[in-house]
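Engineer: Got a structure for you, questions after.
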Amino acid sequence: MQKGVEDKGKYNFRNNITIDWCPGCGDFGIVSAVTQALSNMKMDPDDVVAVSGIGCSGKTPHYLNIAGVHTLHGRAIPYAVGVKLSNPNLNVLVMGGDGDLLSIGAGHFVGEGRRNSGVKVILYNNSVYGLTKGQAAPTLPLGEKVKSLARPNIMGKINPITLAMASGYSFVARAFSSEIKQLSYIIERAIKHEGSAVIEVLQPCPTYNDVNTLDWYRQRVYKLEDDKSWDPVVNKKEEDEEKFDTGYRKSLEWGDHIPIGIFYENNTIPSYTNRLAGIVPEYLKYPPALQEVADKDGYTIVDPIKTFSEKDVE
Amino acid sequence: MQETDINLLVGGPQGGGIDSAANMISMAFSLAGYNIYGIREFHSNIKGRHSYIHFRIMHERPKSLKYPVDIMVALDPDTLFEHMFDVAKGSKVVYDSAFNTFNLKNARMITSDTMGRIQDELAEKNLSFDVKGVLDYFKSTGIDVIAIPFDKLINENVHDGPANRYYNTLGAGTTLALLGLDEEHADDGIKFAFKKKPKVVESNIKVIRAAYDYVEKSPLKVATLPTYPAIPRMLLTGNDATALGKLMGGLRFQTYYPITPASDESTLLESHEDMKFLQNADKIVNKAGLVVVQCEDELSAINMANGAALTGTRSATATSGPGFSLMAEGIGYAGMTEIPVVITFYQRGGPSTGLPTRNGQADLLFALNTGHGEFPKMVISSGDMEECIYDGMKSLNYAQRYQMPVIHLIDKTLANTMDLVPEIDVKKVKIVKYNENTNHENFKRYSLDTENGISPYGVFGKDIFWMTGDEHDELGHVTEDSAMRDKMMEKRMQKLVTADREIPLEDKAVLYGDENADITYVTWGSQKSLLIDTISELKKQGISANLLYLRMFEPFPAEYVAKVLKNSHLIIDVESNMTGQAAKVIRMFTGINIENFILKYNGRHMTLDEVLKSTKNIMEKKTALEVLQEGS
Ligand SMILES: Cc1ncc(C[n+]2csc(CCOP(=O)(O)OP(=O)(O)O)c2C)c(N)n1
Ligand code: SF4
Ligand SMILES: [Mg+2]
């Protein structure tokens with residue numbers, strides 16, 4: 001604990017930077033849920049890192065009192081993975097817009113599912129490109145016309161949950177920015193989960209999305225866990241096929257009723273960091289970030305001839 | 001006695017064993033105390049199309065290649081046609097007598113353009129479009145053609161597997177015998193090449209015996225070459241040398257997306273994630289491994305390497321033109337947010353996918369102008385194996401010291417050059433660490449309280465700070481304040497001034513040869529050693545020449561370059577591109593306009609003979625621009 005915070009639970013994860021989101025923006029709820037989850041977990045602020053892309057959503061790390069990197073449009077996941085794989089001791093949160101993660105960054109979104117390196121992706125779904133003034137995001141349904149569009153949306157939408165599941169993420173959930181308690185709980189669960197997580201957060205954008213408003217969502221969302229028989233957790237490989245199938249189907253429900261909660265959690269898939277530990281010697285104990293690369297006189301410690309012995313002609 | 005100087009070409013179908021033939025020849029000569037220098041040329045193809053290795057074997061370490069070659073070994077009929085122009089009077093061509101009946105029209109892997117050129121030449125000489133025609137072409141030029149009955153020799157001597165399994169060994173064996181290397185060393189070469197498989201060694205040695213026996217009994221027998229004590233060396237390519245240098249330089253995280261000619265570096269590192277340590281490394285320090293990540297694309301590769309640097313890890317990526325194009329935004333981000341990251345940039349023939357497996361040096365201006373906006377970055381270049389190793393180490397040091405992206409340029413020729421490196425000095429380059437932060441309370445990652453522009457480096461896991469590609473304040477939060485903007489721009493760019501001040505001249509530009517010379521060559525990259533050889537050749541002919549060799553383009557040693565060039569007489573810029581990019585850089589930084597050029601952009605390596613010839617043409621004022629065309 002280096003921040004001089006004796007009582008971890010008291011650490012203020014919100015800093016004093018002025019938030020410049022529009023009044024009524026769903027992003028406020030996400031910040032509250034993140035800080036609540038971190039406080040609740042008594043997280044050491046040095047142990048958690050926020051990584052964002054570009055967009056209204058991308059500003060989030062500046063408002064949190066933890067190390068944060070506001071990266072390029074679409075590239076939050078590669079940065080997050082670089083941080084995570086070089087220092088697997090860190091908890092890495094990714095904050096990105098639906099445009100950021102599912103359009104310009106879609107390749108990384110899918111790629112990370114395959115890797116499953118253990119980063120937690122919070123996907124801000126407002127169905128529009130907020131910061132560039134309301135164009136259609138890849139989550140906006142075909143034919144829908146939000147107010148800033150010149151004509152109804154001419155493209156179909158991606159379902160972030162099915163895409164995440166198909167890509168291989170081992171923890172997939174949906175939340176609503178006004179259900180802060182549930183979102184904060186899901187974030188905690190995701191952080192505790194070893195593999196990578198996607199949490200889609202339905203988020204009103206009162207400025208540009210006049211269809212999927214706060215009230216629109218309020219009338220439609222319901223919690224998966226309210227059904228006591230709902231159990232999305234896979235602890236044995238044999239359970240996977242059925243639970244994957246159930247979660248996947250459930251996520252297709254949209255319209256008058258929109259389910260929120262955890263769709264799928266698979267604890268049987270080893271994370272990338274654990275896979276690496278089987279290859280790179282002492283990886284978890286001495287990951288790249290914690291290694292010394294020079295001897296006490298400042299010279300290399302690597303023996304080039306022994307390391308590349310197959311190139312040695314003798 | 002004339003010094004041994006053997007110029008050799010081994011050609012065959014891609015994937016058809018020319019690599020192992022070349023390996024056996026190289027190993028046999030290395031173990032006999034010789035040095036070898038070779039360049040591998042191949043098509044963007046996995047199996048079937050023509051590929052070859054162009055070698056030179058000397059006791060001294062060779063630095064360049066020459067045409068025509070002394071011996072050409074054809075492991076397929078295509079080689080005979082493809083290299084018609086690479087042999088001359090006095091050369092020997094070795095081939096399988098089974099090719100005698102081969103018709104050119106069956107050489108389906110020869111591209112139609114090349115086929116057209118071959119046919120034109122044969123037609124002009126009234127020769128038939130088949131192996132007989134090309135052999136007549138050789139004979140009429142005074143070339144020795146040597147047909148070896150491959151199948152017969154193999155079938156009479158080994159019975160383990162099909163004959164074609166041994167074509168490469170027989171090709172290598174015949175070559176070694178024809179050159180006069182004693183058979184014992186040929187056997188050593190086989191043992192080395194097939195180290196781990198005694199049974200394979202046994203049958204291949206029988207093939208070597210057959211080859212030697214055949215040559216001994218024929219009129220082809222030559223005097224035995226001298227042998228020398230063999231010192232231990234490492235047989236490295238530019239890819240290998242750079243990988244090795246980066247690892248020595250503290251690299252612990254490398255990302256890549258497969259691309260020729262860059263990925264050989266990453267895949268080599270991938271197979272050495274469990275590095276070995278020097279004896280004196282203390283126990284705590286020597287617990288380590290390297291992480292290599294194959295990414296989903298180059299956007300991911302650069303940005304993931306940037307991300308890893310945020311935990312204090314020394315990280316890098318390696319790519320080639322198309323991938324580098326995708327990386328531009330990420331490199332700009334590293335410049336703006338002051339991330340130490342290394343991009344090893346292997347240049348190949350562009351534009352677009354261009355000549356994917358051929359040489360090029362046309363990305364210098366692109367590297368210098370990577371990304372939008374103005375941000376500090378370093379651009380360095382290597383020209384031989386030793387530079388690949390030590391620049392690999394230095395690139396990481398520069399990144400750490402100046403907290404900026406470092407672009408390390410290497411060309412395809414160098415990446416695929418094989419060279420025997422006698423010594424690796426583990427104490428030549430000291431490892432430089434970033435400017436460590438000591439104040440963990442209210443840490444100002446971009447502190448303006450610095451004269452050299454270098455602020456304390458922040459490490460995720462130890463420090464709380466923010467980063468953004470937007471203009472930012474000392475804490476790393478977004479700002480659009482006009483005064484803060486100016487201060488941050490100036491602080492970032494100041495680091496280049498600091499780098500220029502701190503880095504010694506020999507790492508930026510070097511003058512080889514006498515200070516006062518009639519000719520001054522200017523070059524960078526893989527032409528370095530070739531031009532050093534050119535200077536010695538010219539000296540033998542009574543012509544004085546020197547070489548201004550450039551190693552760093554940002555920061556650029558403008559003052560020194562101007563000083564050298566102002567004292568020069570005939571300046572010739574030598575580059576593997578069409579527009580003389582280094583000459584443009586020189587003009588931009590010094591105002592000096594170079595007017596004579598030897599350029600090559602057909603994707604093949606430059607050779608000594610063509611540079612000498614072009615130099616003469618320029619000296620005689622026949623032309624100011626020589627475009628080199630050798631190479632198949
Ligand atoms: C390479 C690149 N292209 C375009 C932009 C412009 N841009 C900034 S934000 C944005 C869209 C943001 O939408 P989304 O990711 O959904 O985030 P939101 O603002 O809705 O939170 C775009 C296209 C950019 N910054 N970089
Ligand atoms: S534009 Fe929309 S998403 Fe952006 S801050 Fe305003 S309300 Fe929020
Ligand atoms: Mg959006």
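All of the numbers you see were taken from the coordinates with simple rules; none came from a lab. Predicted model only: the values in this text are computed from it and were never measured. Positions of Cβ are generated from backbone atoms using ideal geometry, with glycine treated the same way; all protein chains shown enter the neighbour counts.
Engineer: Of a type in the set (Lys, Arg), more than 9 Å from every other protein chain (Cβ to nearest Cβ) and in contact (Cβ under 8 Å) with a residue 24 or more places away in the chain: is that true of B:Lys206 in this structure?
Structural biologist: Yes, satisfied.
Engineer: Is it true that A:Lys250 is within 30 Å of A:Arg115 (Cβ to Cβ), free of Cβ contacts under 8 Å to residues at least 60 places away in the same chain and out of contact with any helix residue (DSSP H, G or I) (no Cβ under 6 Å at 6 or more places or on another chain)?
Structural biologist: yes
Engineer: Filter segment A:297-314 down to residues that are within 7 Å of chain B (Cβ to nearest Cβ) and part of a loop (DSSP other than H, G, I, E, B) and give me whichever is farthest from the chain's Cα centre (by Cα).
Structural biologist: Checking each candidate, the answer is A:Glu314.
Engineer: Going by the structure shown, is A:Gly156 within 16 Å of ligand 3 (Cβ to nearest atom) and more than 15 Å from the chain's Cα centre (by Cα)?
Structural biologist: no
Engineer: Ok, one more. Please find, within segment B:474-504, the residue that is surrounded by the fewest Cβ atoms within 10 Å (Cβ to Cβ) out of those that are closer than 30 Å to A:Asn65 by Cβ and of a type in the set (A, V, I, L, M, F, W, C).
Structural biologist: Here the answer is B:Ala483.
Engineer: Is it the case that some residue within segment A:252-274 is crowded, with 19+ Cβ neighbours inside 10 Å, assigned to a helix (DSSP H, G or I) and facing chain B (nearest Cβ under 7 Å)?
Structural biologist: No.
Engineer: Select from segment A:193-224 the residues that are acidic (Asp, Glu) and surrounded by 14 or more Cβ atoms within 10 Å (Cβ to Cβ) and write down the one among them that is farthest from ligand 2 (Cβ to nearest atom).
Structural biologist: A:Glu194
Engineer: Sticking with this structure for a sec: Regarding B:Phe443, is this residue at the interface with chain A (Cβ under 8 Å from one of its Cβ atoms) and either surrounded by 18 or more Cβ atoms within 10 Å (Cβ to Cβ) or under 35 Å from the mean Cα position of the chain (by Cα) (or both)?
Structural biologist: Answer is no for this residue.
Engineer: Further question on the same structure: Of the residues that sit in segment A:192-246 and are assigned to a strand (DSSP E or B) and within 16 Å of ligand 1 (Cβ to nearest atom), which one is nearest to the other protein chains (Cβ to nearest Cβ)?
Structural biologist: A:Val198
Engineer: Against the definition (farther than 16 Å from B:Gln361 by Cβ, touching a helix residue (DSSP H, G or I) at 6+ places or on another chain (Cβ under 9 Å), of a type outside the set (Asp, Glu) and assigned to a helix (DSSP H, G or I)), how does B:Thr623 come out, yes or no?
Structural biologist: The answer is no for B:Thr623.
Engineer: For segment A:72-89, which positions are more than 7 Å from chain B (Cβ to nearest Cβ) and either without any contact (Cβ under 8 Å) to a residue 40 or more places away in the chain or closer than 19 Å to A:Val110 by Cβ (or both)?
Structural biologist: Selection gives A:His73, A:Gly74, A:Ala76, A:Ile77, A:Lys84.
Engineer: From B:Arg233, B:Arg209, grab the single residue that is under 28 Å from the mean Cα position of the chain (by Cα) and of a type in the set (Lys, Arg).
Structural biologist: Of B:Arg233, B:Arg209, the one residue that is under 28 Å from the mean Cα position of the chain (by Cα) and of a type in the set (Lys, Arg) is B:Arg233.
Engineer: Of these, B:Ile118, B:Ile57, B:Ile143, which one is closer than 30 Å to B:Thr237 by Cα and aliphatic (A, V, I, L, M)?
Structural biologist: None of the other options fit; the residue is B:Ile57.
Engineer: Quick one: which of B:Val585, B:Val611, B:Val574, B:Val564 is of a type outside the set (Phe, Trp, Tyr), over 30 Å from B:Thr357 (Cα atoms) and crowded, with 16+ Cβ neighbours inside 10 Å?
Structural biologist: The match here is B:Val564.
Engineer: Please verify whether A:Gly111 is within 7 Å of chain B (Cβ to nearest Cβ) and touching a Phe, Trp or Tyr at 6+ places or on another chain (Cβ under 6 Å), treating the condition exactly as stated.
Structural biologist: Answer is no for this residue.
Engineer: Of these, B:Thr175, B:Thr227, which one is part of a helix (DSSP H, G or I), closer than 30 Å to B:Ser526 by Cα and β-branched (Val, Ile, Thr)?
Structural biologist: B:Thr175
Engineer: Now for a different question. Taking A:Ala289 as meeting all but one of (1) in contact with a Ser or Thr (Cβ under 7 Å, 6 or more places away or on another chain); (2) of a type in the set (A, V, I, L, M, F, W, C); (3) over 25 Å from B:Ser315 (Cα atoms), write down the number of the exception.
Structural biologist: A:Ala289 satisfies every listed condition except (3).
One line per residue, one yes/no per condition, for (1) surrounded by 18 or more Cβ atoms within 10 Å (Cβ to Cβ); (2) more than 16 Å from ligand 2 (Cβ to nearest atom); (3) in a loop (DSSP other than H, G, I, E, B); (4) among the charged types (D, E, K, R):
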position: A:Tyr124; (1), (2), (3), (4): yes, no, no, no
position: A:Thr132; (1), (2), (3), (4): no, no, yes, no
position: A:Val146; (1), (2), (3), (4): yes, no, yes, no
position: A:Arg151; (1), (2), (3), (4): no, yes, yes, yes
position: A:Ile154; (1), (2), (3), (4): no, yes, yes, no
position: A:Thr162; (1), (2), (3), (4): no, yes, no, no
position: A:Ala173; (1), (2), (3), (4): yes, yes, no, no
position: A:Lys181; (1), (2), (3), (4): no, yes, no, yes
position: A:Ser184; (1), (2), (3), (4): yes, yes, no, no
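Engineer: Okay, moving on. Is it true that some residue in segment A:42-52 is crowded, with 24+ Cβ neighbours inside 10 Å, away from ligand 3 (no atom under 16 Å from the Cβ) and facing chain B (nearest Cβ under 7 Å)?
Structural biologist: yes
Engineer: OK, next. Kindly indicate whether B:Tyr346 is touching a Gly at 6+ places or on another chain (Cβ under 7 Å) and of a type in the set (Phe, Trp, Tyr).
Structural biologist: no
Engineer: For B:Ser352, indicate whether it is in contact (Cβ under 8 Å) with a residue 40 or more places away in the chain, among the small types (Gly, Ala, Ser), more than 13 Å from every other protein chain (Cβ to nearest Cβ) and over 30 Å from B:Lys491 (Cβ atoms).
Structural biologist: Considered against the rule, which asks whether it is in contact (Cβ under 8 Å) with a residue 40 or more places away in the chain, among the small types (Gly, Ala, Ser), more than 13 Å from every other protein chain (Cβ to nearest Cβ) and over 30 Å from B:Lys491 (Cβ atoms), B:Ser352 comes out as no.
Engineer: Another question about this same structure. Out of (1) in contact with a strand residue (DSSP E or B) (Cβ under 9 Å, 6 or more places away or on another chain); (2) under 27 Å from B:Ser526 (Cβ atoms), the odd one out for B:Lys428 is which?
Structural biologist: Checking B:Lys428 against (1) in contact with a strand residue (DSSP E or B) (Cβ under 9 Å, 6 or more places away or on another chain); (2) under 27 Å from B:Ser526 (Cβ atoms), the one that fails is (1).
Engineer: Shifting gears a bit: Report, ordered by the first and then the second residue, all pairs with beta carbons closer than 7 Å, sequence separation of six or more or different chains, a first member in segment A:114-133 that is over 19 Å from A:Val172 (Cβ atoms) and away from every other protein chain (no Cβ under 14 Å), and a second member that is part of a strand (DSSP E or B) and within 9 Å of ligand 1 (Cβ to nearest atom).
Structural biologist: A:Val128/A:Gln135; A:Tyr129/A:Gln135; A:Gly130/A:Gly97
Engineer: Would you mention how many residues in segment A:134-144 are assigned to a loop (DSSP other than H, G, I, E, B) and within 12 Å of ligand 1 (Cβ to nearest atom)?
Structural biologist: So the count comes out to 5.
Engineer: Sticking with this structure for a sec: For B:Tyr601, state whether it is outside any strand (DSSP E or B), touching a residue at least 40 places away in the same chain (Cβ under 8 Å) and in contact with a helix residue (DSSP H, G or I) (Cβ under 9 Å, 6 or more places away or on another chain).
Structural biologist: Criteria not met by B:Tyr601.
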